[in-house]
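Below: the structure, in C-alpha cells.
The values are calculated or read from the model by the stated rules, or taken from the named source; none is laboratory data. Since we're looking at a predicted model, the values are computed, not measured. Glycine also receives a Cβ, built like all others from the backbone with ideal geometry; neighbour counts cover every protein chain displayed. Note: areas computed on protein heavy atoms with side chains; ligands, DNA, RNA excluded. Shrake-Rupley method; radii C 1.70, N 1.55, O 1.52, S 1.80 Å.
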Amino acid sequence: MNNTQQNTLLGLLLAFLGTFLFALKSIFIKLAYLEGLNSDIVLMLRMAIALPIYLGILGYLFWKKDKCKVLTRATFFSIVGLGFIGYFLASLLDLKGLEYISAGLERLTLFTYPIFTAILGALFFATPLSKRIIIALLTTYLGLWIMFSQESLLSGNNNNTQTGVILVFFSALSYAFYVLLSKNIIGKIGSVLFTAVAMSISSVFVLFFYFLLFDFSQISISHNAWLWIFLLAIVSTVIPSFLISEAIHRISPLQTSIVGMLGPVVTIILAVFILSEPFGIYQFLGVSLVALGVGLLTFRR
C-alpha cells in the first residue's frame, strides 16, 4: 500500500469516526432532556466545557507559530461571522428543535444541508441548479414529509412537530451558509486552526448570550445529566469537529460527505434502541428517500 492509498484510507477512517461521534449528539441531547434540562442549559454547558479545550489548542498553534501568521485581521473577523452562523446560531436552532421532535427526524432534517448548499450556490455563486439537484430536492423533501406526517400522527401534536422541523430547517440553512463561505478560509489557514478559532468564537457567543439572559439560580443538574453533557461536549463536539476537518483535508469534501450519509442511519438506529423511538415501514421509506435524495446530489460527479 503506497502513501496515497494510506492517506485515503486514513481519511475515510477519520470521516467515519467523526460521522459516528456526531451522530451521537442527538442521543446525548435527548438523554439530557430526560434529566430535566432544556436546550438553553444544554447548549451553555456544552460550550462552557468545550471552550477551554479549543483555547488550549489555539494556544498550542500560536506557540508553534505554524499557520497563525496567515491569520490576518480580515480573516479573523470573517471567521467570527462564520462561527456565529455555523455553530452558535445553527446549534441554538438545532437544540431548540430537538425539544419538539424525535432525534431521528431532527437528524434527517439537518441532513438536508447539502441541498441548501446547492440552492444557495445557485442563488449567490452562479452555480447551476441542474435537473439532478432538482430531483434530489424533491426526493429529499418527499422523504421528510413522510417522516413529518408520521411523527405528527404518533405524537398527536402537529404544531409541535411543525415548530421543531422549522427550527431544524433553519439550523440546516445556517450551516449551509457556513459550509459555502468557509471553503476559501480553510484553504488559506488550514482546517485545524480554522476549527479552533471558529469553535472558540462560537463558544464565546454562547456564553456571553446566556450570561446576559440566563438566570443561573434556576439550574439544577443531576449526576446523570452532567455525564450526558460532558459526553456531548467532548465526544460529540470537540473530537469530531477536528476529525471531520482533517478528513476533508486528507480526502475531499465530496468523499467526506459520502461517508456522512451514514450519520442519520446511525442516529436513527441508536434512537430506536436507546430512546425507544418508533421505527416502522413509513420511517424506513422516509429515511430511504432522504438518503437517495442526498445521494443523488453527493454522487453528482
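What to note about this one:
- When the Cα positions of Q150, F88, Y100 are compared along the charge dipole of the chain, F88 comes out farthest toward the positive end, with charges on each C-beta of Lys, Arg, Asp and Glu.
- Coupling constants for the stretch 73-85 follow from the phi torsions by the Karplus curve (6.51 cos²θ - 1.76 cosθ + 1.60, θ = phi - 60°), and in residue order they are 4, 4, 5, 4, 5, 5, 5, 4, x, 5, x, 5, 7 Hz; glycine and proline get x.
- Max-minus-min Cα coordinates of the stretch 1-145 on each principal axis give 50, 46, 41 Å, with the largest extent listed first.
- Cβ-Cβ FRET estimate between T8 and N224, R0 fixed at 41 Å, reported to 0.05: 0.50
- Heavy-atom surface analysis with a 1.4 Å probe gives the chain a carbon and sulfur content of 69 percent of its accessible area.
- Projected over all directions and averaged, the alpha-carbon convex hull of the stretch 90-146 occupies 4.4 nm².
- At a probe radius of 1.4 angstrom, the accessible area of the chain per residue rounds to 49 square angstrom.
- Principal axis dimensions, the stretch 93-245 - Cα atoms, whole angstrom, descending: 54, 50, 28
- Taking a sphere under 15 Å around the Cβ of I248 and counting the other residues whose Cβ falls inside, with K and R at +1 and D and E at -1, yields a net charge of +2.
- Burial ranking of peptide ranges 135-145, 53-63 (average Cβ count within 10 Å, highest at the top): 135-145, 53-63
- Rounded to the nearest whole Hz, the Karplus-based 3J(HN,Hα) values (6.51 cos²θ - 1.76 cosθ + 1.60, θ = phi - 60°) of the stretch 197-214 follow the sequence 5, 4, 6, 5, 4, 4, 5, 4, 4, 4, 5, 5, 4, 7, 5, 7, 10, 9, with x at glycine and proline.
- Charged-residue dipole, Cβ positions (Lys, Arg, Asp, Glu), the stretch 15-150 about Cα centre, Debye nearest 20: 580
- Translational diffusion coefficient (Stokes-Einstein; Kirkwood radius from C-alpha pairs) of the chain at 37 °C, 0.692 mPa s, in µm²/s: 165
- Translational diffusion coefficient (Stokes-Einstein; Kirkwood radius from C-alpha pairs) of the stretch 1-50 at 4 °C, 1.567 mPa s, in µm²/s: 99
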